[in-house]
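Data block below; observations after.
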Amino acid sequence: MAAIYNTYFYQPLLDLFHFIFNNLAFHDLGLAIVLLTVLVRLILFPLFYRGIKDQLLVKKIQPKIKEIQSKYKNDKAEQSKALMALYKEHKFNPFSGFFVLIVQLPILIALFQIFGKGLDSGGIDNFLFLGFFDLRSPYLFLTLATAILQYFQMKTLSIAHQEKASEPADVMHSVGKTMVFVSPIITFMILANLPSALAVYWMVSTIFSIGQQQLVKKRLMA
């Protein structure tokens, strides 16, 4: 399994990173990270599109889901049948999010390893970003900026639907509200003592995600 991962994910991405650094990024490590991150996100755009689309779709059909759950609360078989019919009507696969995550995971892990531990590999002779920041060292302001961007991403991505104040919040609503605040804290804790190269990657990826979310939302709402 490790050999497959190294052959088809880590090594190709590392070679691509070296190519970008040497030929497109003017030997600027930060710029190379930005370019590689954008390239990978463009390649993975169909998967991100599907993931965001499904989350927005869940928000749209959530009232109907709750109506079915309430109507057939004592008949689980009929409830499942009605839910599957609803999903089919809206072309929604409840397991697609898991599939999208599984496909992306080895690529994201490889990028995390490259920017975290692979900077000292052959071919990298300059570790500065814009001539000032040594991306092998942590920088508090980069970590904080990344956490703030993560907050805005989670805020725009929240799939919780609005309910009347008198109604109890459902599980998805509660989890969505919690993750808006928990995710940035986790991001900050992870990046605080790691090379700033990871913060640059995470920041660019988050900015790209926010842009993609808005694009997908506009297309779906059109």
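Compute the acute angle (0 to 90°) between the alpha-carbon long axis of helix 45-71 and the principal axis of greatest extent of the alpha-carbon atoms of the chain; round to the nearest 10°. Result, in degrees: 20.
Modelled spin-label separation between L105 and L86, with each label point placed 7 Å from Cα along the Cα-to-Cβ direction: 2.8 nm. The smallest convex shape that holds all Cα atoms of the range 77-157, its convex hull, gives 167 Å³ per residue.
Pairs spanning more than 24 Å between alpha-carbon atoms, out of K155/K218; K71/K155; K66/K88: K71/K155. For F45, neighbours were defined as the other residues whose beta-carbon sits under 13 Å from its Cβ, and their charges (Lys and Arg +1, Asp and Glu -1) total +4.
Inter-label distance, A192 to L144: 1.4 nm, where each label sits 7 Å from its Cα along the C-beta direction. Think of it as helices only: each DSSP H run of n ≥ 4 in the chain is worth -39500 (n - 2.57), and spread over all residues that comes to -24500 deg cm²/dmol at 222 nm. Computed from point charges on the beta carbon alone (+1 for Lys and Arg, -1 for Asp and Glu), the dipole magnitude for the range 2-221 about its Cα centre is near 1080 Debye. Residue exposure proxy: Y201, Y151, ordered by other Cβ atoms within 10 angstrom of their Cβ from fewest to most, comes out as Y151, Y201. Per-residue Cβ neighbour counts within 10 Å put T37, T178, T187 in the sequence T178, T37, T187, beginning with the fewest.
Taking 7 Å steps out from each Cα toward its Cβ at K60 and F132 produces label points 4.4 nm apart. Per the Cα gyration tensor, the chain maps to an equivalent ellipsoid with semi-axes of 39, 20, 15 Å, ordered largest to smallest.
Rank V180, F208, F115 by how far each Cα sits towards the positive end of the charge dipole of the chain (+1 on Lys, Arg Cβ; -1 on Asp, Glu Cβ) and give me just the farthest. Of the candidates, V180 comes out farthest on the positive side. Listed cross-link partners K59/K81; K53/K117; K53/K177; K81/K177; K60/K81 are compared with a 22 Å cut-off, the Cα-Cα value being larger for K53/K117; K81/K177. Sequentially through the range 181-187, phi angles give Karplus couplings (6.51, -1.76, 1.60; θ = phi - 60°) of 9, 6, 4, x, 5, 5, 4 Hz, Gly and Pro residues having no value and appearing as x.
Here, each number is a calculation from the coordinates, and none is a lab measurement. Note that the coordinates shown come from a computational prediction; the quantities given were computed from them, not determined experimentally. For neighbour counting, all protein chains shown are included, and Cβ atoms are generated from backbone atoms with ideal geometry for every residue, glycine included.
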